[in-house]
Amino acid sequence: MNTIGLLIPDISMILLGFVLRRASGWPRSFWDNLEKLVYFILFPALLVSSLLRSPLSVARDGPAVANTMVAVIAGIALAWLARPVLDPLPRHFASGAQCGFRFNSYIALALAQTLGGQEGLALCAVFIGFVVPTVNVAAVLPLAQHAGTGVVRELLRNPLIIATVAGLAGNVFGIQLPGVIDATLGRLGSAAIALGLIAVGAGLVLSRSEALGAREKRSSRSLAIWITAVKLVAMPTVALLCGLLLELEPLPFAISLMFCSLPTATSCYILAARMGGDGEYVAYLITVSMLASLVSLPLWLSLVT
């Protein structure tokens, strides 16, 4: 399978967002509100819709979910290990550690649909249901400690956690939405992927305006290299090795490895900015992760597709 060809439509949407942000003259408030629309409305609708429409099976989905969770937990541990090993600036670590294990959900769902159609999309939604609460707890903890805010409050207001819990609960209890509501969620979800990818491109930052001293530069550079390596090399390596040991079926294996190879989440910026972290540094890490994944992601996918 041509893995580069699989990525071209999604890369094109990201490039469109990048060009529009710089050529359209639209104010920053437009792009900030677009990101909020996708994050708080469209993407939760897609999660709920996908989870309610797809029957869950522990026997079928369990091994792939376990494989993904092992890689995610390894990513969290390695990202946190940067603190004692590199001794980065506290604000850099608190804000940037999350970029080592969070994932770009928009790209995840777009690629899952390309790789496996509705079945791949549903399996990816199941991964998100298990992974989102885990990575959000791990992301909020350093920021909450640095900013002195409450962890529980941040988790309870997270729209992705609310949507995944609602979708999984509805699936378990066999809830079927009325046709009008189901169709509405479906239309909102359809808009989520395209607008989400455009928002990813619009958020790319190729340079930092902050004037950094020598200590800040070392901290920024070394942590960026560490976090990017954890996200794009260590996590997929763990997923690949564990998947081989578990002898996963081809499609679950491909979706799991793809999921663990994704660039980091653009919503890392929203969380860091909202909790008083270094939002500009996180935007820089997101851009580094995205650009590096253009090379790494096709290589990982070529091993299982």
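With all pairs of different C-alpha atoms in the average, the Kirkwood value for the hydrodynamic radius of the stretch 174-305 is 17.3 Å. Per-residue ellipticity at 222 nm from helix content only, as computed over the chain with -39500 (n - 2.57) for each DSSP H run of at least four residues, stands at -26000 deg cm²/dmol. Considering only LEU141, LEU244, LEU52, the Gaussian network model of the chain with Cα springs below 10 Å gives its largest mean-square fluctuation to LEU244. Can you send over the carbon and sulfur percentage of the accessible area for the chain, probe radius 1.4 Å, protein chains only? After summing per-atom areas, the C and S share lands at 68 percent. Average accessible surface for the chain: 42 Å² per residue, computed with a 1.4 Å probe over protein heavy atoms with every protein chain in place. Long hydrophobic helices in the chain: the complete DSSP H runs spanning 18 Å or more by Cα along their own axis with mean Kyte-Doolittle hydropathy of at least 1.6 are 159-172. With the convex hull of the Cα atoms taken as the outline of the stretch 29-90, the averaged projected area works out to 7.2 nm². When the residues VAL132, VAL238 are ordered by accessible surface, computed with a 1.4 Å probe over the protein chains alone, the sequence from largest down reads VAL238, VAL132.
Please arrange GLU35, GLU247, GLU216, GLU119 by accessible surface area, largest first, computed with a 1.4 Å probe and ligands excluded.
From most exposed to least exposed: GLU247, GLU119, GLU216, GLU35.
Residues ILE181, ILE198 ordered from highest to lowest accessible area at a 1.4 Å probe: ILE181, ILE198. Assuming a viscosity of 0.890 mPa s and a temperature of 25 °C, what translational diffusion coefficient in µm² per second does Stokes-Einstein assign to the chain, Rh being the Kirkwood radius over Cα pairs? Translational D for this selection: 127 µm²/s.
The values are calculated or read from the model by the stated rules, or taken from the named source; none is laboratory data. The shown structure was predicted, so the numbers you read here are calculated from the model rather than taken from an experiment. Surface accessibility is based on the protein's heavy atoms, side chains included, excluding ligands, DNA and RNA. Shrake-Rupley method; radii C 1.70, N 1.55, O 1.52, S 1.80 Å.
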